[in-house]
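Colleague: Attaching a single structure in structure tokens format; questions to follow.
The values are calculated or read from the model by the stated rules, or taken from the named source; none is laboratory data. Everything numeric in this text was worked out from a predicted model, so none of it was measured. When we count neighbours, we look across all protein chains shown, and the Cβ atoms used for this are built from the backbone with ideal geometry, even at glycine.
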Amino acid sequence: KTTTVPNVDGSVNNTEEDDEEDVVDLAANSLLNKLIRQSLVESSHRVEVLQKDPSSPLYSVKTFEELRLKEELLKGIYAMGFNRPSKIQEMALPMMLAHPPQNLIAQSQSGTGKTAAFVLAMLSRVNALELFPQCLCLAPTYELALQTGRVVERMGKFCVDVQVMSPSNLFFLVPRGTDVTKQIVIGTPGTVLDWCFKRKLIDLTKIRVFVLDEADVMIDTQGFSDQSIRIQRALSSECQMLLFSATFEDSVWQFAERIIPDPNVIKLRREELTLNNIRQYYVLCESRKDKYQALCNIYGGITIGQAIIFCQTRRNAKWLTVKMIQDGHQVSLLSGELTVDQRASIIQRFRDGKEKVLITTNVCARGIDVKQVTIVVNFDLPVNQAEEPDYEIYLHRIGRTGRFGKKGLAFNMIEVDKLPLLMKIQDHFSK
Ligand code: ADP
């Protein structure tokens, strides 16, 4: 994909794609979240647990010590700055580390500590003296696999004899006929299938822990469900199977039940977004130029904090960016045609306060929370293909989670003919 950088004279070359709205790419969003998230997402809900055997006692832990981990693993956890288990980890870790091993399906929104939990489980089950793959983790993209590999490396820093094979220290480096000696293997279903069945680098019957991460993203990708199931079928019956997902629609659930036998289930409900702490305004305008003027009028005010400005199409977002830059404002453009790395670095700069104003399309609205954003401007109202207001996107753009969210301000720039849409939004939310 090409990226759009304004020309020297400030103009940009538009393409046909610019008229399209950016589509939400689950895998890209998930990766962005991981790249920019530095701390746990808080939750006010209780963890729901469904045990495979309801009569067996249910353990939860408040400290990592209670888990009786290997000394070097505990050191790794503390070196990462973790003081105590997250909400989901309190329940999940004792189950994952139990003897005999138990299978688990866990669902909680991203940022709640799922990756850290299964990385810990894999590291604790590895026998460092045995030089063959013992833990296998499937991830939906190369980049996500890489990211999980990094977590294994960080947490396992003091487990000196444990090694991880993720796409970063890839295979083609493994000459044909040589055995893989690394104990933890992470990859996408297609590649892993290739490694196991075609290249016969991994003996699946020797795998002790099988992790299927980001199941919701996984089933979104053609062929990945079937490939994952083929891999799972070749595992031994003693292998512990763990599945994680940020969301839990029926399709994910059906897939989870197909692939994980006799599971315990852990769920943590997502924090609801509300508009309660948000003051919402609209500015009635004649034209796009007029909307621009209205934006400039409040610009000084919005840059006291940090602001996100939403446009409906890439073309509009580009137009606005160029115009603002030409008028001497410091803004950055986040759009779907940028690579994930480019997007991550733009969001990171914004998070660090290097830029005060971010202009974007809907790609940024979901999943990515930039806590310090106090002001949201809808330069265009979110509408669906039927030209009806998209309430969900509206809520995602300006809503905050009730208990932890800060107060916010939202401005809607409305061309006169769009006023009925705004009124519908007002009715819908009764605000
Ligand atoms: P998920 O897989 O659910 O998206 P992660 O395991 O990636 O969540 O955790 C989200 C962030 O919180 C990461 O930056 C991770 O390092 C951090 N984290 C995870 N567990 C803990 C913990 N127990 N204490 C502090 N931080 C944690």
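Colleague: For segment 326-349, which positions are buried (at least 16 other Cβ atoms within 10 Å of the Cβ) and among the β-branched types (V, I, T)?
Modeller: V331, V340, I346, I347
Colleague: So is F158 of a type in the set (F, W, Y), closer than 24 Å to I266 by Cα, out of contact with any Phe, Trp or Tyr (no Cβ under 6 Å at 6 or more places or on another chain) and in contact (Cβ under 8 Å) with a residue 24 or more places away in the chain or not?
Modeller: no
Colleague: So which residues in segment 207-227 are under 17 Å from A27 (Cα atoms) and away from the ligand (no atom under 16 Å from the Cβ)?
Modeller: Of everything in segment 207-227, those that are under 17 Å from A27 (Cα atoms) and away from the ligand (no atom under 16 Å from the Cβ) turn out to be I219, D220, T221, Q222, G223, F224, S225.
Colleague: Taking segment 34-71 as the search range and keeping residues that are hydroxyl-bearing (S, T, Y) and under 28 Å from R400 (Cβ atoms), which one is surrounded by the most Cβ atoms within 10 Å (Cβ to Cβ)?
Modeller: Checked segment 34-71; the qualifying residue surrounded by the most Cβ atoms within 10 Å (Cβ to Cβ) is S43.
Colleague: Where the second residue is assigned to a helix (DSSP H, G or I) and near the ligand (Cβ under 9 Å from one of its atoms) and the first is without any contact (Cβ under 8 Å) to a residue 40 or more places away in the chain and lies in segment 142-154, which pairs have Cβ atoms under 6 Å and are six or more apart or on separate chains?
Modeller: Short answer, once both residue conditions are applied: V151/T115; V151/V119; V152/V119.
Colleague: Evaluate segment 113-122: report whether one residue or more is farther than 24 Å from Q227 by Cβ, in contact (Cβ under 8 Å) with a residue 60 or more places away in the chain and away from the ligand (no atom under 16 Å from the Cβ).
Modeller: Checked segment 113-122: no residue is farther than 24 Å from Q227 by Cβ, in contact (Cβ under 8 Å) with a residue 60 or more places away in the chain and away from the ligand (no atom under 16 Å from the Cβ).
Colleague: Could you list, ordered by first residue, the pairs with Cβ atoms under 8 Å in which the first is in segment 26-50 and touching a residue at least 24 places away in the same chain (Cβ under 8 Å) and the second is among the polar types (S, T, N, Q) and away from the ligand (no atom under 11 Å from the Cβ), at least 6 apart or interchain?
Modeller: Short answer, once both residue conditions are applied: A27/T141; A27/T221; L31/T141; L35/Q348; I36/Q348; V49/N264; L50/N264.
Yes/no matrix, rows are residues, columns are (1) within 11 Å of the ligand (Cβ to nearest atom); (2) of a type in the set (F, W, Y); (3) at pLDDT 95 or above; (4) within 30 Å of Q348 (Cβ to Cβ):
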{"position": "N33", "(1), (2), (3), (4)": "yes, no, no, yes"}
{"position": "L50", "(1), (2), (3), (4)": "no, no, no, no"}
{"position": "S55", "(1), (2), (3), (4)": "no, no, no, no"}
{"position": "L58", "(1), (2), (3), (4)": "no, no, no, no"}
{"position": "R84", "(1), (2), (3), (4)": "yes, no, yes, yes"}
{"position": "I88", "(1), (2), (3), (4)": "yes, no, yes, yes"}
{"position": "A92", "(1), (2), (3), (4)": "yes, no, yes, yes"}
{"position": "M96", "(1), (2), (3), (4)": "no, no, yes, no"}
{"position": "Q109", "(1), (2), (3), (4)": "yes, no, no, yes"}
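Colleague: To continue, here is another question. Condition test on L104, is it closer than 18 Å to V162 by Cβ and either away from the ligand (no atom under 13 Å from the Cβ) or among the aromatic types (F, W, Y) (or both)?
Modeller: So L104 does not fit the description; no.
Colleague: Check segment 65-76 and report whether any residue there is over 24 Å from I207 (Cα atoms) and touching a strand residue (DSSP E or B) at 6+ places or on another chain (Cβ under 6 Å).
Modeller: No, because not a single residue in segment 65-76 is over 24 Å from I207 (Cα atoms) and touching a strand residue (DSSP E or B) at 6+ places or on another chain (Cβ under 6 Å).
Colleague: Taking I398 and the conditions (1) farther than 17 Å from K291 by Cα; (2) among the aliphatic types (A, V, I, L, M); (3) surrounded by fewer than 22 Cβ atoms within 10 Å (Cβ to Cβ); (4) modelled with pLDDT of 85 or more, which numbered condition does it fall short on, given that it satisfies the others?
Modeller: Of (1) farther than 17 Å from K291 by Cα; (2) among the aliphatic types (A, V, I, L, M); (3) surrounded by fewer than 22 Cβ atoms within 10 Å (Cβ to Cβ); (4) modelled with pLDDT of 85 or more, only one is false for I398: (3).
Colleague: Give me the residue from segment 77-91 that is in contact (Cβ under 8 Å) with a residue 40 or more places away in the chain and in contact with a Ser or Thr (Cβ under 9 Å, 6 or more places away or on another chain) and, out of that set, surrounded by the most Cβ atoms within 10 Å (Cβ to Cβ).
Modeller: M91
Colleague: Go through the residues of segment 145-162 one by one and say whether even a single one is farther than 20 Å from K75 by Cα and modelled with pLDDT under 90.
Modeller: no
Colleague: Related question: Of (1) outside any loop (DSSP other than H, G, I, E, B); (2) touching a residue at least 60 places away in the same chain (Cβ under 8 Å), L74 satisfies all except one. Which?
Modeller: Only one criterion in (1) outside any loop (DSSP other than H, G, I, E, B); (2) touching a residue at least 60 places away in the same chain (Cβ under 8 Å) is unmet by L74, namely (2).
Colleague: Within the group D161, D250, D194, which residue is more than 29 Å from L131 (Cβ to Cβ) and out of contact with any Leu (no Cβ under 6 Å at 6 or more places or on another chain)?
Modeller: The match here is D250.
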